[in-house]
1. Out of curiosity, is R153 in a loop (DSSP other than H, G, I, E, B), at pLDDT 95 or above, touching a Ser or Thr at 6+ places or on another chain (Cβ under 9 Å) and in the same structural domain as N96 (by TED's automatic domain parsing)?
2. Of the residues V372, V359, which single one is under 30 Å from K99 (Cβ atoms) and within 16 Å of ligand 2 (Cβ to nearest atom)?
3. Report every pair of residues separated by at least 6 positions or lying on different chains whose Cβ atoms are under 6 Å apart, first residue within segment 219-230 and within 16 Å of ligand 1 (Cβ to nearest atom), second in a loop (DSSP other than H, G, I, E, B).
4. Restricting attention to segment 344-365, and to residues there that are more than 29 Å from D322 (Cβ to Cβ) and within 9 Å of ligand 1 (Cβ to nearest atom), which single residue is modelled with the highest pLDDT?
5. Within segment 179-224, how many residues turn out to be closer than 21 Å to T378 by Cα, assigned to a helix (DSSP H, G or I) and within 16 Å of ligand 2 (Cβ to nearest atom)?
6. List the residue pairs whose Cβ atoms are under 6 Å apart, where the first residue sits in segment 362-386 and is within 26 Å of P403 (Cβ to Cβ), the second is assigned to a helix (DSSP H, G or I) and away from ligand 2 (no atom under 16 Å from the Cβ), and the two are 6 or more positions apart or on different chains.
7. Considering only residues that are in contact with a Phe, Trp or Tyr (Cβ under 8 Å, 6 or more places away or on another chain) and over 25 Å from L535 (Cα atoms), look in segment 366-381 and name the one that is nearest to ligand 1 (Cβ to nearest atom).
8. If you check S248, S229, S220, which single one turns out to be modelled with pLDDT of 95 or more, in the same structural domain as W333 (by TED's automatic domain parsing), crowded, with 24+ Cβ neighbours inside 10 Å and among the hydroxyl-bearing types (S, T, Y)?
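The values are calculated or read from the model by the stated rules, or taken from the named source; none is laboratory data. Because the structure is a prediction, the values reported are computed rather than measured. Don't worry about glycine lacking a Cβ; one is built from the backbone with ideal geometry, like all the others, and counts go over all protein chains shown.
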Amino acid sequence: MRRMSTQRTICLIGIPSIFFVTLIVLSLQLRSGYDTSTKRQKLVSAHSQVYESRSEKIHRSDKLHNSHPEDLIYNNERLVLLGHVNTQEEIDFKNNGDKLYAFNELISSRLSLNRAVPDTRHELCKTKTYRKDLPKVSVIICFYNEAWSTLLRTVHSVINRSPAEFLHEIILVDDASELYHLQSKLSEYLWSLHPNITLVRLPDRQGLIRARMYGAHVASGEVLVFLDSHCEVNKQWLEPLLTTVSESRRTIAIPVIDTIDPNTFQYKASSLVKGGFNWGLHFRWDHLPEDYFKDEKSHIEPIETPTMAGGLFAVNRQYFRDMGEYDPDLDTWGGENLEISFRFWLCGGRLEIIPCSRVGHIFRQRRPYGSVGGGEDTMLRNSVRVARVWLDDYIQYFFQTQPAAASVKYGDISARVNLRNRLECKKFDWYLKFIYPEQTILDKHGHGGDIKGGVIHKYQPKFIRSGHIRNKELNLCIISSEVVPGKQSLLTLGECDKSGSIQRWNETEAKELMLVYNLCLDAQDRPDKVSYAKLMKCHGNGGSQAWVWSIKNYI
Ligand code: UD2
Ligand code: MN
């Protein structure tokens, strides 16, 4: 198998330059009237030119690695070695990467664009065979100021690991990036890489939601697959997704999202979980009921999921269009994943996670870019639009959880309300009863209760005890800065204060230390081997979030 994919890669790169990269500049704008911040644009491009000249040399080392397609560097020890910095140039490069991308670009740029990743599928997946007449796919990757190495590794992995007969085209949508390396150098590179790559440059930044819609309008494959611009698809990732969408045109097929560590670039398997949400309309992962895996086969069967994380999925192109694509008035980032999930379930579609399809994604701890036009974070306004169109009376729980939402100006939602009527969608009550019965309703104090009539098998983290985490000798406690959505919280040692919620930790049965719902203490590996702890979304997989008590003293 390995040899076959090696040959394919070399052969694609070796074909002469009769390939064309279609450079499309779309002048059409879905929404007009916002101004791009030219000041910021100038700043960023001036910065990126300096950055580019410094980084040229380091990028050159890519070429060396690339001479070994399917390079086997995924062992963590070797990744740690790759993270070493010796010169000032390398230190600057790393610091710039942290700032611009919120991941360790130094390691990434030293890794092969064709690196192999561990095959994280269940053993039963490996014996599965797929039809030869699956539909053709347009893979759409939107990006804004993405690092060279991660963007291109996404593209390389798609080319290397997708059967050529199903890969109709790859569409890259540049959401008006300002970084220098994404200008002419990128189109030149793509020109020589694959015959069917289209690069769409948006004249003004649109945000990821409208950028995806542009991509979908340019696409001509029967099926669309969306990916973020910092992914690595795994072995046989495409066939299971295409099988699901071709057998059931109304189903959105979602791969299991494996984790690429933003600090070490280690590729880690994720366990099988479902998508859910809380009443603040934040996406969350929910555990499957304990008895779910009684039968071995359940490790490879599609899993119905109430919501999806948003970035990675396959859908029939025409059905996506008929179902109203996305709300084009959702800005920059956030909310569209719950909107499309609610809409598909309520209006005749469905969402399934396909365990045999795995795609790695860099989960970073902060978003390194601001909103389109430089305004506030868009998540709340986007969520208000979603809530007002879809939640019916349950919107009270959203307002109860997010009081600031009540006064947010959310624009005109009539087109989406009309869509809901036109598609004859069900009431939100139905979704809660039949698709997300695990969801709880809130009492007036904001505590959860059961949805009447639903089957309750929700993963409720069971708290064993709760309290401070105190260093006895120093008499100091672990304290988090105020938890603000979208912002990394700082953990420090400080004076113990019994009343302080930012220092009250809940120990769960799964050995997590949870601060507020869904935020857990997570052990981070650093290339220099000094581990430290951070507050991260609870992933429920144990590992870096499982803490054991010991009486040993560590120095
Ligand atoms: C998650 C999703 C993401 C999206 C988001 C909610 C996964 C793995 N990722 O956030 O796809 O659904 O939740 O909105 O499920 N981008 C643009 N223009 C912009 C900003 C971003 O094109 O103005 C691109 C960006 O380069 C990336 C993609 O959109 O390829 C998603 O952005 P992200 O990676 O910052 O979002 P993430 O993974 O935190
Ligand atoms: Mn992402």
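1. Against the criterion (in a loop (DSSP other than H, G, I, E, B), at pLDDT 95 or above, touching a Ser or Thr at 6+ places or on another chain (Cβ under 9 Å) and in the same structural domain as N96 (by TED's automatic domain parsing)), R153 does not qualify.
2. Of V372, V359, the one residue that is under 30 Å from K99 (Cβ atoms) and within 16 Å of ligand 2 (Cβ to nearest atom) is V359.
3. L227/L312; D228/G311; S229/E146
4. I362
5. Final tally of qualifying residues: 4.
6. Cβ pairs passing all conditions: V384/A405; V386/L338; V386/E339.
7. V372
8. Going through S248, S229, S220 in turn, the sole match is S229.
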